[in-house]
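The values are calculated or read from the model by the stated rules, or taken from the named source; none is laboratory data. The structure presented is a predicted model; accordingly, all values stated were derived computationally and were not measured. When we count neighbours, we look across all protein chains shown, and the Cβ atoms used for this are built from the backbone with ideal geometry, even at glycine.
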Ligand code: ADP
Ligand code: ADP
């Protein structure tokens, strides 16, 4: 049984068909990238997988449970727009991603947050507010928040789009480390085909007919 199972997924917003029959199975520990032109339904697919979008036709299950029945609570999502709490500092924004039963002020949790802030290259900015950060920095706070929960399934919507080249390479490699070390199942949405091929085991191409799978490409590359 795949961790993510999508069968005949259709999603319409009023007159717009966003997804028109998507079938997809993602195995445990797989890293799948979803590419395709703007508007082809990539974000919609992630929102459905995350359980945020319960209005759709077809079957979508995470760990064998239908997302409309609650799905799995072990799914983390990193949004394209960082959506940070603007009244909270970086540390508090990252802490939002911790599991609900973890006290963010407990020493182990504080250490974990510091570590996450460091991995996204924001040491020294723990006390900064979102309005003091650049777009790329805000995006990295959002990434740290998504990793804080250490979910077994991680859904990422263009997580590197606002980063400069060097920071992007760092963060991509960090994501690969997490994936390899934690065995996380990853679905990453990107318009950047090069990024998809570099990171993923398998690349799913949406498009052609609006919001349907055009191709599935197995990527076989040797990473450094
Ligand atoms: P992508 O992430 O590939 O750019 P989206 O999933 O955001 O694509 O959008 C797919 C289609 O659905 C687009 O035509 C978009 O305009 C439309 N759409 C997305 N979200 C909404 C919404 N909340 N209301 C109406 N139309 C939407
Ligand atoms: P309802 O009639 O209550 O909307 P449906 O199961 O027919 O329930 O559809 C649920 C959602 O699935 C719809 O709101 C729409 O977004 C999407 N949907 C259903 N059928 C299609 C289709 N043929 N093409 C695209 N999206 C669809």
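The residues on offer are 7, 28, 23, and the sole one that is away from ligand 1 (no atom under 16 Å from the Cβ) and loosely packed, with under 14 Cβ neighbours inside 10 Å is 7. Scanning segment 62-90 for residues that are over 20 Å from the mean Cα position of the chain (by Cα) and modelled with pLDDT of 95 or more yields 86, 87, 88, 89.
For segment 38-52, what are the residues that are within 11 Å of ligand 2 (Cβ to nearest atom) and either surrounded by fewer than 16 Cβ atoms within 10 Å (Cβ to Cβ) or part of a loop (DSSP other than H, G, I, E, B) (or both)? 41, the sole residue that qualifies. May I ask you to list the residues in segment 64-83 that are over 15 Å from residue 5 (Cβ atoms) and assigned to a strand (DSSP E or B)? Listed by number, the residues that qualify are 76, 77, 78. The condition of being buried (at least 17 other Cβ atoms within 10 Å of the Cβ) and within 16 Å of ligand 2 (Cβ to nearest atom) holds for residue 18. Comparison of 34, 94, 120, 78 shows that the only residue that is in contact (Cβ under 8 Å) with a residue 24 or more places away in the chain, over 22 Å from residue 141 (Cα atoms) and either touching a helix residue (DSSP H, G or I) at 6+ places or on another chain (Cβ under 8 Å) or more than 16 Å from ligand 1 (Cβ to nearest atom) (or both) is 34.
Residue-by-condition table, conditions (1) more than 25 Å from residue 33 (Cβ to Cβ); (2) modelled with pLDDT under 95:
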site: 97; (1), (2): no, yes
site: 106; (1), (2): yes, no
site: 109; (1), (2): yes, no
site: 114; (1), (2): yes, no
site: 129; (1), (2): yes, no
site: 132; (1), (2): yes, no
site: 140; (1), (2): no, no
site: 143; (1), (2): no, no
site: 150; (1), (2): no, yes
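The sole residue among 61, 25, 33, 5 that is within 22 Å of residue 195 (Cβ to Cβ) and part of a strand (DSSP E or B) is 33. Contact map, segment 44-64: residues that are under 13 Å from residue 185 (Cβ atoms) paired with residues that are within 13 Å of ligand 1 (Cβ to nearest atom) and part of a helix (DSSP H, G or I), Cβ distance under 9 Å, separation 6+ or inter-chain. Pairs shown: 62/49; 62/50.
In the set (1) free of Cβ contacts under 8 Å to residues at least 60 places away in the same chain; (2) in contact with a strand residue (DSSP E or B) (Cβ under 6 Å, 6 or more places away or on another chain); (3) within 15 Å of ligand 1 (Cβ to nearest atom), the condition left unmet by residue 12 is number (2).
Residues checked against (1) over 19 Å from residue 206 (Cβ atoms); (2) within 16 Å of ligand 2 (Cβ to nearest atom); (3) in contact with a strand residue (DSSP E or B) (Cβ under 7 Å, 6 or more places away or on another chain):
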position	(1), (2), (3)
54	yes, yes, no
60	no, yes, yes
67	no, yes, yes
96	yes, no, no
